[in-house]
Amino acid sequence: MASKRGITALVGAAVGVGASAVAQRVALNRRRKHDPEAEERFGTRRGVRAQRIRLDDGAQVFVEEVGPESPKGAIFVHGSALRTDTWHYQFEGLGDHRLVFCDLRGHGLSGPTGDKDYTMETLTGDLVAVMDEVGLEEAVVVGHSVGGMIALEIAKRYPERLGNQIRGLVLANTTYGPITETLIGGGTGLARIERVTRRPFDALKSQHARIEALRKLMKPSDAMFWIVALTSFGKDASAKQIDFVYDMISETPIEVVFDLVRSYRDFDMTDHLDMVTVPTLVLGGSEDRLTSVRASAYLGEHLPKAELHLFEGSGHMCMLERHEEFNRLVERFLDDVLGRNGGR
């Protein structure tokens, strides 16, 4: 009798899993069919000027630009495991402003990663070096997620540049403190878990070659689609945009992902926000599941010259999900900080 009950339970579980998979497939097909971005060719837009900047430790940073060759402009820094293509909708331009897009070391077309330790200090130094190399004398730094954290780090590590070279910041879906405290559901419990898993996580990096090989064998699936949709996007987001973000994440070397996570797990600007004395536009998503909307609200309240805007229903990728409104807000901010007509 017990064995029959066991078999019945197993059959029931298998049927449940199968039904769930079918439901996921039906929901995904429906979303793709009615996707307003279905014809958008993500990853095909490129800058009109491009170069690779070699840094002093052997690393290279890929940079591309649109707009006039002006000493004034905005520089865009993407988030974790992404690349310049993140700014797909911004490549069309924002008014007459010069726009500079760069891949973090080890990401996208940047490489090799160089000899320096992969730290927030290193990444902040890279950004400053790129601005100097491309001749941005007056700049607004537009940072998404970890890119925004790097932008905030400038205030702590290069305060003399604020108000001089760096005239303003745009912080999109980013945070001010440790990710264990500003993730959805963060707090002492999550912080304790992160501390306990720190050594095992670091040990895994030594197996990055094997993990990378296994990762390449894994094919995109409905489950992976829904994981990216749940963690990075708001409800009813474009399926094409979700696929695009998954592709960028999957193409980032796993060793770089390990290094990047280690670099920002101790990030904390809580006691330094008063140093950010330049105008700052803070953008967040009400449904952001990677960086809590509370983090955006905190930045809006505690930065001396902050303007806060939350995109209702948007997740972690507001430059994609709400690109039209995002572009209007950022263009207006650039006009205010750098002047109209590209600041020329």
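A few points about this structure:
- For the range 286-342, trypsin sites (Lys or Arg not before Pro) meeting the loop criterion (DSSP other than H, G, I, E, B) and having at most 13 other Cβ atoms within 10 Å: 305, 340.
- Close amide H pairs (under 5 Å, H built 1.01 Å from N) link residue 96 with 341, 342, residues at least 5 positions away or on another chain.
- Rounded if a/c under 1.5, otherwise prolate or oblate - the range 217-328, Cα gyration tensor axes: oblate
- Neighbours of residue 125 by Cβ distance under 10 Å: Lys/Arg scored +1, Asp/Glu scored -1, total -3.
- Here 166, 53 are placed in order of increasing Cβ neighbour count within 10 Å, fewest first, which gives 53, 166.
- The residues neighbouring residue 238, those whose beta-carbon lies less than 10 Å from its own, together hold a net charge of -3 under the Lys/Arg +1, Asp/Glu -1 convention.
- Charge context of residue 109, other residues only, Cβ under 12 angstrom, K/R +1, D/E -1: 0
- Overall form of the range 50-343 per C-alpha gyration tensor (a/c, 1.5; a/b vs b/c): rounded
- GluC sites (Glu not before Pro) restricted to DSSP loop in the range 118-148 with at most 16 other C-beta within 10 Å: 137
- Taking GluC sites (Glu not before Pro) across the range 65-106, the ones in a DSSP loop with at most 16 further Cβ atoms lying within 10 angstrom of their Cβ are 69, 92.
FYI, it's all coordinate maths here, none of it is from the lab. Since the model is a prediction, treat every value here as computed from it, not as a measurement. FYI the Cβ positions are ideal-geometry reconstructions off the backbone, even for glycines, and counts take in every protein chain you see.
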